[in-house]
Amino acid sequence: MTRRDAAWAIARAAAVAAAPEFLNAWLPQTPSAAPPEPDRWSNYQPRFFSADEIKALDVFTSILIPTDETPGAREAHVVPFVDFVVNAASEYEPSLQQDWRAALRVLHERRFLELTAGEQLALVEKMSHPEDHDHDAFQLVKDMTVHAFYTSRAGLIDVLEYQGNAYLTQFPGCAHPEHHRV
């Protein structure tokens, strides 16, 4: 799945009947809006993935984008977003659901949830190499994780510090001397 495919999948998911309810909780109303309250997500009921698959995805996405001095995948509620998009894919792209079933089957077969934190990290690192036979599963999860994170309030505003479009009253000139020659 390419980034373009992921963007199309997300755009199509936004068009399904359940989208307004989900996206109103996901997206801030204005660029300066506070993030959704944690209790909005504590009772989230998965629509596509099983409880164990949700746990595996939570750990995997938290390895990809960990929480440090900035929010990570958990704070951005990446897993509920992925669950929503993949569930919505049944209406327009069932093959996306098959790809995600295959990716989660890889984690199940590798007993991902039974591994220690260090072993989980080592497995994710191993899967990240293109020559690994499970790289496609890694790439699928990574692509959607990155997209979900950087389109969330936590990723866009808290990490990237996006402040909305700015109106400039003056356009500062270039300060590079080599660009001043005609």
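All of the numbers you see were taken from the coordinates with simple rules; none came from a lab. Computed from a predicted structure; not experimentally measured. Cβ placement follows ideal geometry from the backbone for every residue including glycine, while neighbour counts extend to all protein chains displayed.
Mind ranking 70-76, 109-115 by how tightly packed they are, going by the mean number of other C-beta atoms within 10 angstrom, highest first? Can you show the working numbers first?
Numbers: 70-76: 21.0, 109-115: 13.7.
In descending order of packing, they fall as 70-76, 109-115.
Could you check the spin-label model distance between T116 and R4? Points 7 Å from the Cα along Cα→Cβ, value in nm.
Going by the 7 Å Cα→Cβ label model, 4.5 nm.
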